[in-house]
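Enquirer: My questions all concern the structure below.
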Amino acid sequence: MASKSQGIPDLEQRLLAEERLLSTLVAVLSARDPSILDELEEVFSNPEFASDPAGRAATQVWRRVADDLARTRSMVSSGGGLWPAAR
């Protein structure tokens, strides 16, 4: 049986993996329908949604995802593409 100290890093890695998966899904969906970002922003900025610890945590994750998407969009729109060094 794993000790608590061994379980925490595993849990953290699984949570980070799930966040990355959800971020990727949001990016794919927003490429197909840009209005989905506005709809998600409306949900996550609603005070009622963030009225409990789980809602506040989800709102914080959304902020990170939205910031990442904005940075990616900026890189792509600047003409450099995602990986200009790979050219």
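Enquirer: Restricting attention to the stretch 31-68, report how many residues are open to solvent by 50 Å² or more (accessible area, probe 1.4 Å) and not in a helix (DSSP H, G or I).
Expert: 8
Enquirer: To continue, here is another question. Considering only residues that are open to solvent by less than 60 Å² (accessible area, probe 1.4 Å) and either modelled with pLDDT under 75 or β-branched (V, I, T) (or both), which ones fall in the stretch 69-85?
Expert: Hits for the stretch 69-85 are T72, G79, G80, G81.
Enquirer: Still on this model: Say whether the condition of being under 17 Å from the mean Cα position of the chain (by Cα), among the β-branched types (V, I, T) and at pLDDT 90 or above is met by at least one residue in the stretch 35-52.
Expert: There is at least one residue in the stretch 35-52 that is under 17 Å from the mean Cα position of the chain (by Cα), among the β-branched types (V, I, T) and at pLDDT 90 or above.
The values are calculated or read from the model by the stated rules, or taken from the named source; none is laboratory data. Computed from a predicted structure; not experimentally measured. Quick note on the areas: whole protein, heavy atoms, side chains included, nothing else; ligands and nucleic acids left out. Shrake-Rupley method; radii C 1.70, N 1.55, O 1.52, S 1.80 Å.
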